[in-house]
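The values are calculated or read from the model by the stated rules, or taken from the named source; none is laboratory data. Worth saying up front: this structure is predicted, and the values here are computed from it rather than measured. When we count neighbours, we look across all protein chains shown, and the Cβ atoms used for this are built from the backbone with ideal geometry, even at glycine. Note: accessible area is taken over every heavy atom of the protein model, side chains too, but ligands, DNA and RNA are not part of it. Shrake-Rupley method; radii C 1.70, N 1.55, O 1.52, S 1.80 Å.
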Amino acid sequence: MENRTKNIMIVGVGGQGTLLTSRILGSITMAAGYDVKLSEVHGMAQRGGSVVTFVRYGETVAEPIVEEGQADVLIAFETLEALRYAHFLKKEGAIIVNLQRIDPITVVTGMAEYPEGIVEKLKKEYAVYQVDAAAEALQMGNPKVFNVIVLGVAARHMDFSREEWLSAIEKTVPPKTVEINKQAFLKGYEGQ
Amino acid sequence: MSNRSNSSNQSNHREERKIMLGNEAIARGAWEAGVKVSAAYPGTPSTEISENIVKYEEIYAEWSPNEKVAMEVAIGASISGVRAMASMKHVGVNVAADPLYTISYAGVGGGLVLVAADDPGLYSSQNEQDTRCVARAALVPVLEPSDSQEAKDFMKYAFTLSEQYDTPVILRTTTRLSHSQGPVTLEERQEKQDVSYEKNIAKYVMMPGNAKPRHVYVEQRMKALEEDGCSMFLNRMELRDKKIGFIASGIAYQYVREACPKASVLKLGMVHPLPKKLIEEFASQVETLYIFEELEPVFEEQIKSWGISCIGKEIFTRQGEYSANLIRRAVLKEEVQEKVPAAVPARPPILCPGCPHRSVYSVMNKLKLHGAGDIGCYTLGAVPPLGVIDTTICMGASISTLHGMEKARGKDYINDWVAVIGDSTFLHTGVNSLMNMVYNQGTGTVLILDNSTTGMTGHQEHAATGKTLKGEIVPAIDIPGLCRAMGIRHVLEIDAFDTEALEKAFREETARDEVSVIIAQSPCVLIVKEKKKTTRRALRDKCKKCGMCLKPGCPALTRNEDGTIAIDETMCTDCGLCVKLCKFDAIQQIDL
């Protein structure tokens, strides 16, 4: 039986805002009438550890997690994390990668090395879309909204309209930050 | 069975659906069930239950100092005749085990539910224990939902069952369920009439003469639940292809549906006691029966003991979380299309930039002190580069284990040891251990890392923060005063970033032949609300690449390609720790 459920993963470093992004996705998919399940990481890993959030939507969704070899879209807020979770992608899956490098403590202390040429390596196997969202967010004068810029880039590869996205953002982010988040989204969505 | 009328009269309402976290749905279920009292101690993955309950004005909700207290608060509320609940993580149930085992005998006034959150896969815990084992020993029924909708529905029904069968009920959840979101249909709150209190010592005074007949009652109750469970909506036989049948509950049920949508499933919503006749019937209908349960073989061992042939832990692990791929591999023998994960450096959790614990630990590291540790963010001091925590067992154990070492090996043995405990954990169970150290003439040095919050679980208030779960301002318990009241003469309060004072205190207090307490104070960097005005920058021309500043492992510091130091100015909080370590004046303060 073919599984038409769409599987999305958002990965990054604890504290980068994966939860906000997945909640926007939850809101948009539910508003569109899909069954949807999200799975998040709270607790210890949020302290700078590797974090992963799953979003699945379709006619009916059973499990809330995405398993190896099944992700349609991988949204990575940090480059090393894109590589860590790439094997979760389907063959034809797409990676949206934010070109930010955050050294894990294992690298800082010299126990391991941060791999070189990650994006090139990933491009050999997958469709990779890269964005330097930190720089763009800084240009906008608000470094925190980089994650919504990344989501905007990812949104180009999903089946929702501009209006649906903006409405989901409006419903999800704190009222004071609606405008800046919408701008950030459009920066990613409509390109530089 | 005591027969309490359920005065629910559901009013007409328009259907509202909302996407909810499992824990949020549990809170909603409690509200809809008319709960009036909720008590808890924070612990991943249970914390968000209370954080959502507090949004409902009709419910009194509190953070108690520990799970035993929380359980007892809920018990008192239940005896007084209202619906009440306690929520906690799996290891918290151990702390609450004493009242739980006995309230099982006494039964309830208003409905009483304990929400216990297990953590298969150890996302944020010290063990992988299975609450169903506790429930079997305590003779308490357990419900286990498998998505957010059921989390709400089962929570509500748990109160009905509790009153109908005169028993506390455990609602068991797991990390994956608690921290997943799914759609939930909302309903109105059922206002429950409070049960009027009647003095009944045969039921509520559990001395031997009263407990004996209650034990008989408890056995009857569990038998009745076992039989009635066969026809409850909680347990559902889904007959499809009869070649393969699964018995599953909770999130594991979803993995079965994902991997084998055509297979027959007996979905258990009440996981203790098991509906024996229903299981026998299901087993007789399917050719091969698999028991698919995360953690312990609780179903499997019971079902096998009834002479039913089934397959369980022979092919499914007792460790970690399950998945649909596990079934595809172990049952369907499918080649799961899996790529080899890339070899990448691990990214374990770390102390935040500007964390006061890092400052204290850098001093301990310099003095080569060993830490008898405890539960909290500060457990992260066990790993390189700080490496100052030698033991972590459970909440409050730091002080008592250090005391045990001293009694086993003598005073000199612990001269280079300190017990390390956080403020919230100290109030949880550390107080008793400290009392013991004083009483039994220990000489240990206790370090209380007071960051004015319960950090690891996401910043909850506690008795020494001066604020309640509801946000009310209250007098704060005075931690230094509490220590002095035990007769401890050397109680030092030191700024966590004053490394010189800390070094002096460690040297003097560990050498002292009596109990002393060093309280390192500085609020958790994540709760500091003031916007930072300064940050730090490393000067390339002055940096000698010695790496001293990297020693405490601050994530804001990395090396440039030429080996000099770079500071991420957005991460840096200007805590000043690296500045103290730099002998070449190469780290400059800059204004923001």
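So what's the angle, to the nearest 10 degrees on a 0 to 90 scale, between helix B:22-32 and the longest Cα principal axis of chain B?
The answer is roughly 60 degrees.
If the only charges are +1 at each Lys and Arg Cβ and -1 at each Asp and Glu Cβ, what is the size of the charge dipole of the stretch B:263-335 around the Cα centre, to the nearest 20 debye?
Dipole about the Cα centre, nearest 20: 80 debye.
Which order do B:Thr534, A:Thr60 take when ranked by solvent-accessible area (1.4 Å probe, heavy atoms of all protein chains), largest first?
Reading off the accessible areas and sorting them downward yields A:Thr60, B:Thr534.
Roughly how tilted is helix B:499-511, in degrees to the nearest 10 and between 0 and 90, from the longest Cα axis of chain B?
80
Under 5 Å between amide H atoms, partner at least 5 residues away or on a different chain: which partners does B:Met20 have, H built in plane at 1.01 Å?
B:Gly182, B:Val184
Antiparallel as a % of all DSSP beta bridges within chain B, to the nearest 5? List each step's numbers first, then the result.
On the way: 21 of 76 bridges.
Here the antiparallel bridges make up roughly 30 percent for chain B.
For the residue pair B:Lys533 and B:Thr317, what label-to-label distance in nm results when each label sits 7 Å from Cα along the Cα-to-beta-carbon direction?
Modelled inter-label distance: 5.3 nm.
When every alpha-carbon pair in the stretch A:152-192 is counted, what percent end up more than 13 Å apart? Intermediate values should be presented prior to the final figure.
Details: 386 of 820 pairs.
Every Cα pair in the stretch A:152-192 considered, those over 13 Å come to 47 percent.
State the extension gain, in nm to one decimal, for the chain segment bounded by B:Lys407 and B:Val438, taking 0.36 nm per residue of separation less the distance between their alpha-carbons.
Values: separation 31, 0.36 × 31 = 11.16 nm, distance 1.28 nm.
Taking 0.36 nm per residue and subtracting the Cα distance, the gain is 9.9 nm.
So if we plug the beta-carbon distance of A:Asp159 and B:Asn560 into 1/(1 + (r/R0)^6) with R0 = 41 Å, what FRET efficiency do we get, rounded to 0.05?
My answer for the efficiency is 0.40.
Ignoring ligands, DNA and RNA, what percent of the accessible area of the stretch B:238-373 is carbon or sulfur (1.4 Å)?
On the stretch B:238-373, the fraction of accessible area on carbon and sulfur atoms equals 50 percent.
Using the beta-carbon distance between B:Lys544 and B:Leu332 and R0 = 35 Å, what value does 1/(1 + (r/R0)^6) give for FRET efficiency, to the nearest 0.05? If you can, show how the numbers build up before the last one.
Numbers: r = 61 Å, r/R0 = 1.74.
Computed FRET efficiency for B:Lys544 and B:Leu332 comes out at 0.05.
Evaluate the distance, in nm, between pseudo-label points positioned 7 Å from the Cα of B:Glu238 and of B:His490 along their respective Cα→Cβ axes.
For B:Glu238 paired with B:His490, the spin-label model returns 6.4 nm.
Checking an interface number: how much accessible area is buried between A and B, summed over both chains, with a 1.4 Å probe, in Å² rounded to 100?
4400
So what's the angle, to the nearest 10 degrees on a 0 to 90 scale, between helix B:97-106 and the longest Cα principal axis of chain B?
Rounded to the nearest ten degrees, it is 20.
Go through the stretch B:202-209 residue by residue and turn each phi into a ³J(HN,Hα) via Karplus (6.51, -1.76, 1.60, θ = phi - 60°); whole Hz please, and just put x for glycine and proline.
5, 9, 10, 10, 8, 8, x, x
What accessible area per residue, rounded to a whole number of Å², is obtained for the stretch B:356-521 using a probe radius of 1.4 Å?
39
When only Cα pairs under 8 Å and 6 or more residues apart are kept, what is the percent relative contact order across the stretch B:356-521?
23
In what sequence, largest accessible area first, do B:Leu225, B:Leu550 appear using a 1.4 Å probe?
B:Leu550, B:Leu225
Extending each Cα 7 Å along its Cβ direction at B:Trp306 and B:Asn127, get the distance between those two points in nm, one decimal.
2.9
Residue by residue, what Karplus-based ³J(HN,Hα) values in Hz, rounded to whole numbers, does the stretch A:141-154 have, using 6.51, -1.76 and 1.60 with θ = phi - 60° and x for Gly and Pro?
Rounded to whole hertz, the list is x, 9, x, 6, 7, 4, 5, 6, 5, 4, 4, x, 5, 5.
Going through the cross-link list A:Lys91/A:Lys124; B:Lys89/B:Lys304; B:Lys152/B:Lys223; A:Lys121/A:Lys187; B:Lys212/B:Lys277; A:Lys121/B:Lys339, which pairs have a Cα-Cα distance over 19 Å in this structure?
Check vs 19 Å cut-off fails for B:Lys89/B:Lys304; B:Lys152/B:Lys223; A:Lys121/A:Lys187; B:Lys212/B:Lys277.
Toward the positive end of the charge dipole of the protein assembly as shown, about the Cα centre and with charges on Cβ (Lys, Arg +1; Asp, Glu -1), which of A:Ala31, B:Gly307, B:Trp31 goes farthest?
Of A:Ala31, B:Gly307, B:Trp31, it is A:Ala31.
Where in the stretch B:433-447 does the label zone of B:Glu514 land, with the point 7 angstrom along Cα→C-beta and an amide N cut-off under 14 Å?
Residues passing the 14 Å test: B:438-445.
Quick check on the stretch B:274-432: what does the Kirkwood estimate of hydrodynamic radius come out to from the alpha carbon pairs, in Å?
Taking the inverse mean of 1/r over all distinct Cα pairs, the stretch B:274-432 comes out at 20.3 Å.
Write down the accessible area per residue of the stretch B:534-591 in Å², having rolled a 1.4 Å probe over the full set of protein chains.
Ligands and nucleic acids excluded, the figure is 54 Å² per residue.
If you keep only loop residues by DSSP, which trypsin sites (Lys or Arg not before Pro) in the stretch B:374-417 have at most 15 other Cβ atoms within 10 Å of their Cβ? Mind showing how you got there, number by number?
Working: sites: B:Lys407, B:Arg409, B:Lys411; in loops: none.
Answer by residue number: there is no such site.
Just check chain B against the gyration tensor rule for me: Cα atoms, a ≥ b ≥ c as the square roots of the eigenvalues, rounded for a/c under 1.5, and otherwise prolate or oblate depending on whether a/b exceeds b/c.
Here chain B falls in the prolate category.
Using a 1.4 Å probe, how large is the accessible area of B:Trp63, given in Å² and rounded to the nearest 10?
Probe radius 1.4 Å; accessible area of B:Trp63 about 40 Å².
How large a share of the accessible area of the stretch A:73-192, in percent, is made up of carbon and sulfur atoms when the probe is 1.4 Å and the other protein chains stay in place? Walk me through the intermediate numbers first.
Working: 2760 of 5470 Å².
Looking at the stretch A:73-192 in its full context, I get 50 percent from C and S.
Under 5 Å between amide hydrogens, which residues at least 5 positions from B:Ser264 or on another chain qualify, with H placed 1.01 Å from N in the peptide plane?
Long-range HN contacts for B:Ser264: B:Arg240, B:Asp241, B:Ile244, B:Phe246.
Give me Rg/Rg_expected for the stretch B:413-541, where Rg uses Cα atoms only and Rg_expected = 2.2 N^0.38 Å with N residues.
Values: Rg = 16.7 Å, N = 129, 2.2 N^0.38 = 13.9 Å.
Relative to the rule-of-thumb radius for its length, the stretch B:413-541 sits at 1.20.
Residue by residue through the stretch B:294-308, what is 3J(HN,Hα) from phi via Karplus (6.51 cos²θ - 1.76 cosθ + 1.60, θ = phi - 60°)? Round to whole Hz and write x for glycine and proline.
Along the stretch B:294-308, the couplings run 5, 6, 6, x, 5, 5, 4, 5, 5, 5, 5, 5, 8, x, 8 Hz.
List the residues, sorted by chain then number, that are 5 or more residues from B:Glu493 or on another chain and whose placed amide H is less than 5 Å from its amide H.
Counting only residues 5 or more places away or on other chains, the set is B:Ile519.
Taking GluC sites (Glu not before Pro) as exposed when DSSP calls them loop (any state but H, G, I, E, B) and at most 15 other Cβ atoms lie within 10 Å, what is the longest stretch of chain A free of them, the sites themselves excluded?
My reading of the result: A:126-189 is the longest stretch.
Which FRET efficiency value, to the nearest 0.05, do you get for B:Asp228 and B:Glu280 by plugging their Cβ-Cβ distance into 1/(1 + (r/R0)^6) with R0 = 25 Å?
0.95
Need the per-residue list for the stretch B:331-367: every residue with at least 50 Å² less accessible surface in the complex of protein chains than in the chain by itself, probe 1.4 Å, sorted by number.
Listed by number, the residues meeting the 50 Å² cut-off are B:Gln337, B:Lys339, B:Val344, B:Pro345, B:Arg347, B:Pro349, B:Ile350.
Summing -39500 (n - 2.57) over the DSSP H runs of n ≥ 4 in the protein assembly as shown and dividing by its residue number, what mean residue ellipticity at 222 nm do you reach, to the nearest 500 deg cm²/dmol?
-10000 deg cm²/dmol
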